[in-house]
Amino acid sequence: MKISKFLKIFIIIFSFSIIFLISNKVNANSIDSINMDISINTNGNAHVTETWNCNATQGTELYHPYYNIGNSNISNLTVTNGNTQYTTLSSWNVNASFSAKQNKCGINYVSNGVELCWGISSYGTHSYVVSYDISNFVSELTDSQMAYWTLIPSDLSNDVGSVDIKIHSDIYFPQTIDVWGFGQYGAPCYVQNGYIEMKSNGTLTSSEYMTILAKFPLGTFTLSNKLNNDFQYYLGMAEQGATNYTNTSSSQGYFTNNIVSDLFYILMVVVIFIVSIFVRKNSTSSSLTLDFGKAGKRLPSDVPYFRDIPCKGDIFRAYFIAYNYNLMKNKADFLGAILLKWLKDGKIKVEKRTVGKILHKQETCIILDSSSTFDMPSENELHLNLYEASGDGVLEPNEFKKWCIVNYTKVSKWFDDILIYERDRLVTENTITETESGIFKFKKYVVDSSLKNEAIELKGLKNYLKNYTLIKDREAIEVTLLEEYLMLAQMFGIAKEVSKEFEKLYPKIIEENNYNFNYADVLFISSFAYIASAAQIASYAGGGGGFSAGGGGFGSFGGRWRWPADLDRKIF
């Protein structure tokens, strides 16, 4: 087979990109991880301990900058490298030689902040432990107290493999505290077990940053740093990126390979653009890749009620059809449907358990059996993920919430993988026809009209369940179908309403039949779908951080994450 001219160009560019990467990146400095532990005392001052795991091959020093620190002061810098305690200098000369900086550290004062600096001291792999104090880490506002800091700025000159930031205090932080994360897309922050945590989702590039904004009630800390504005003022500043930072530092000897990185990224953009031409029509997780023919996928508005279980009783098939014919509010509702299916089949239980290592309390949990097996690969994967989130087979809502925050891309992929799997099954049964066209063999999936008939039945059932109490001549529900109805109602996003109405209309039937789940279980399971949904649709908008009046710092524009504190109040 002849290779097209276009494909040859792609291969040449890709090959040069790989060569360029190997020749310029192998010997570059790298920061594998940064872990920050921030302890806030009762007066709102912080003691910070950082661990930098690095591989240094060039340059003379590393540094951690803080800009726009307002009324705060950074002091008591110490650095250790293995068993070596560095000498802290009263002033730092960024132009000093490699040997002059060896086993030394110090603070470099620049026009808009400080830079915490230390000598590389020897090339190779090192774990530097850096500690220092920040006064007025927390500020008092007219209506609340606030911590607002760019903890990882956007000018470290190097990518960081991973970042993990933990903020804690002798004062227990309840989950009702509001926290926002600004900066890298996919760097969520949340409150758990009395502390605040913020993590990068994988690598933090040199153009990204991590800023945290936390709101505490008045009286949480005893503070001397008081600002004459309310919290909304600073939240608006953060969301609008009101104080752009411009680095005026003349520091030299840092990890610098920006030119190499920029050229590499330009080449990679070209490669990605070319690759996208090959794969964009092969994207398989979106309904847009399906060809619904001239009739399209729009369903009639006046479909008749349907009282049986459609889609051959297969809830995975129902999910594929409901998603592609726009009968679902949110893909995450399907997770709740699967959990209800497991409850029905006895694969899991919902029970009250005593949880919490310090503050013991009764919590409704999902009880998982590590030996459970399933016919569908996606069910096995979900069960493994839930067990991983629980750690011990007793899955608490907060454990699932934390897992979803950190693994939100995995959550989203799980739903899409089912759509791909079901599409391929429909291809096998000839309900969908797979064709290829063009020199690159782009795939196309043509939907048979029979699938639309199943979609009409699904819509008929949805309308039947949704309008059940309004139907004058309704028949009594089929007792054996009640749990099946509720599983599909959960997938449609109406399980709470349907379950409540069934319990109200047929209390005796529900009482006399030994169902594996009830109205309370439906509400609880729906909350897990809500958590998965929140992890999927977390809002990332332009924003910055930092302010010149009282503790902060600023990074370049980027995304933001907010995990709403009222989530716990709404669900649990």
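Values computed for the structure shown
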quantity: Accessible carbon and sulfur surface of the stretch 68-198 relative to its total accessible area, %, 1.4 Å; calculated: 45
quantity: Length gained when the stretch residue 361-residue 448 is fully extended (0.36 nm per residue, less Cα-Cα span); calculated: 26.0 nm
quantity: Taking the stretch 27-126 and dividing mean pair separation by its residue count, relative contact order in percent (alpha carbons under 8 Å, at least six apart); calculated: 29
quantity: FRET efficiency for residue 164 and residue 78, using Cβ-Cβ distance with R0 set to 30 Å, rounded to 0.05; calculated: 0.90
quantity: Residue pairs, from the table 294/444; 331/401; 199/352; 347/504; 297/410, whose Cα atoms sit over 24 Å apart; calculated: 199/352; 347/504; 297/410
quantity: Alpha-carbon centroid distance for the pair the stretch 475-504 / the stretch 56-76, whole angstrom; calculated: 59
quantity: Where labels lie 7 Å past Cα in the beta-carbon direction, separation of residue 222 and residue 57 in nm; calculated: 5.4
quantity: Spin-label model distance (nm) - residue 291 vs residue 125, 7 Å beyond Cα toward Cβ; calculated: 5.3
quantity: Net lengthening on full extension, residue 374/residue 71 (0.36 nm per residue, minus Cα-Cα); calculated: 103.2 nm
quantity: Separation in nanometres of the label points that stand 7 Å from Cα toward Cβ, at residue 203 and residue 523; calculated: 4.7
quantity: Extension reserve of the residue 349-residue 480 stretch, reckoned as 0.36 nm per residue once the Cα distance is removed; calculated: 45.1 nm
quantity: FRET efficiency estimate (nearest 0.05) - Cβ-Cβ, residue 312 to residue 515, R0 30 angstrom; calculated: 0.85
quantity: Sites residue 171 and residue 470, calculated FRET efficiency, Cβ-Cβ separation with R0 45 Å, nearest 0.05; calculated: 0.30
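The values are calculated or read from the model by the stated rules, or taken from the named source; none is laboratory data. These numbers were taken from a predicted model, which means no experiment stands behind them. Neighbour counts run over all protein chains shown; Cβ positions are idealised from the backbone, glycine included. We work out accessible area using only protein heavy atoms, side chains counted, and drop any ligands, DNA or RNA first. Shrake-Rupley method; radii C 1.70, N 1.55, O 1.52, S 1.80 Å.
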